[in-house]
Structures are given as C-alpha cells and as structure tokens.
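The values are calculated or read from the model by the stated rules, or taken from the named source; none is laboratory data. It should be emphasised that the depicted structure is a prediction, and the values quoted were computed from it without experimental measurement. A quick note on method: Cβ atoms are made from the backbone with ideal geometry, for glycine too, and the neighbour counts reach across all protein chains shown.
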Amino acid sequence: MPYEKGLCIDCQLQLSRTNFNLDPNNPLVLKLRESIPIYRATALFYFQKGGAFTHMIHLLKYKGIRKSGVYLGNWLGVSLKESPFYKDLTGIIAVPLHPIKKKQRGYNQSDLIANEICEVLNVKVYTTALVRIKNTLSQTKAGKSKRWESMNNAFCCSPEFKNQKGHFLLVDDVITTGATLASCAQALLKENSIKLSVAALGYRL
C-alpha cells in the first residue's frame, strides 16, 4: 500500500487504530448522531496528545508538509474500501477552509485527504458543494460551547449542489466536538435528500 511506503514501521506501530470502519455503532457515529442524522462515521486513528499521529497532523496543518495528508488519506481510503458500509458512495465532500485561511496555508488539508480517498475508491470529489462563509478563529484551544457557537451557520450549500440524491461522504482531518461537521451537515441536508456519512483521519475522545 502507498501509505506503508510513507511511514517507518516504528511510526506505524505508534499509531492507534480505531477500527471504526468495521463497527456500524462505534462511539464516533453515536456521538455525531446526537446532533445530526449521520448514516455512518469513521476515523482512522485516535488523536492522542504527543503521539505520532498528532505530530503528522501538526506537520500537515501548520508546517506545509502535504505528504502527511497524502499518506494518511490513502490509508483512510483503504480502510473505507475494507468496510461494508461505504460501497454505495455517490461522492465525496471535503470540509472547506475559508478563502482567507486557505490562502495563508496554501491548501486545504481536507482536500488532500478527499482526493486520496477518491484515488482508492474511484468516487468523485465534489469540490464546490460547500462554501465556508465564516472565517472562524483556530478551534484548537476553544472549549466545547465556544466551538459550537463559532461554527453555527459557518457553511452554506452551493447553488450547483442543491437537490442532490445518493450517499455522500463528508471528509475532515480531525474530529473533536463535532461542531464543524454538524454545521457542514446541516447546510448539506437542508438543501438535499442525501444519505450522509463522515470520515476523518483522527478522533479525539
């Protein structure tokens, strides 16, 4: 597998797999269903402070190391392919960055992940389905209530992605409170009769 070529064996052993891809009622999907009608949800690894995965995410988001997103995105795609719950996907949607933040970073890490999943599953990425209309501050140190407040109405569904049907996969890098994904899902489900699932590289308990 391509991801195996990007990580040494020691690093791979330090990554804590969730195996949520094989569990239809895993803790992540149950958590997200408290706020949004998600069909399925999975994350590849647990996000643990100081761990190898956390370091790779830091390199991806703040150091411009795109290959971290490529390696991990491919790995996530393989895990989805191994699962019986994502066989009927119609398309993939990456959580968008605000244009200002995307210009500062140079890329959207969720786009990298979504494109790697596309390569593995051969499912179209809908790059303009969602638009981020609020440029929120970094959520890294924000509390749960503050995250939900700041992400309220942060996204809208683009005009060309209305009245869609099928099974779509919403992709992000790391899930913590679920506020970002809930805001995205609300925007998508308001305008479309779709079955919506979620996939991310990491999940922080």
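Numbers below:
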quantity	calculated
Whichever residue in the stretch 29-49 is polar (S, T, N, Q) and in a loop (DSSP other than H, G, I, E, B) and, among such residues, is modelled with the highest pLDDT	SER35
Subset of the stretch 152-165 (residues that are buried (at least 16 other Cβ atoms within 10 Å of the Cβ) and part of a helix (DSSP H, G or I))	PHE161
Residue satisfying condition, being closer than 21 Å to TRP75 by Cα, assigned to a loop (DSSP other than H, G, I, E, B), in contact (Cβ under 8 Å) with a residue 24 or more places away in the chain and of a type outside the set (Gly, Ala, Ser), within set VAL198, VAL123	VAL123
Residues satisfying the stated conditions in the stretch 90-107, i.e. part of a loop (DSSP other than H, G, I, E, B) and either surrounded by fewer than 20 Cβ atoms within 10 Å (Cβ to Cβ) or on the phi > 0 side of the Ramachandran plot (or both)	THR90, LEU97, HIS98, GLY106, TYR107
Pair list, Cβ < 9 Å and 6+ apart or interchain, from the stretch 157-173 residues that are β-branched (Val, Ile, Thr) to residues that are in a loop (DSSP other than H, G, I, E, B)	VAL171/VAL95
Pair list, Cβ under 8 Å, 6 or more apart: the stretch 25-39 residue over 14 Å from LEU196 (Cα atoms), other residue among the hydrophobic types (A, V, I, L, M, F, W, C) and part of a loop (DSSP other than H, G, I, E, B)	PRO27/LEU205
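Residues are listed down the side, and each one gets a yes or a no for (1) closer than 14 Å to THR128 by Cα; (2) assigned to a helix (DSSP H, G or I):
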| position | (1), (2) |
| --- | --- |
| SER145 | no, yes |
| SER150 | no, yes |
| HIS167 | no, no |
| VAL171 | yes, no |
| VAL174 | no, no |
| THR177 | no, no |
| LEU181 | no, yes |
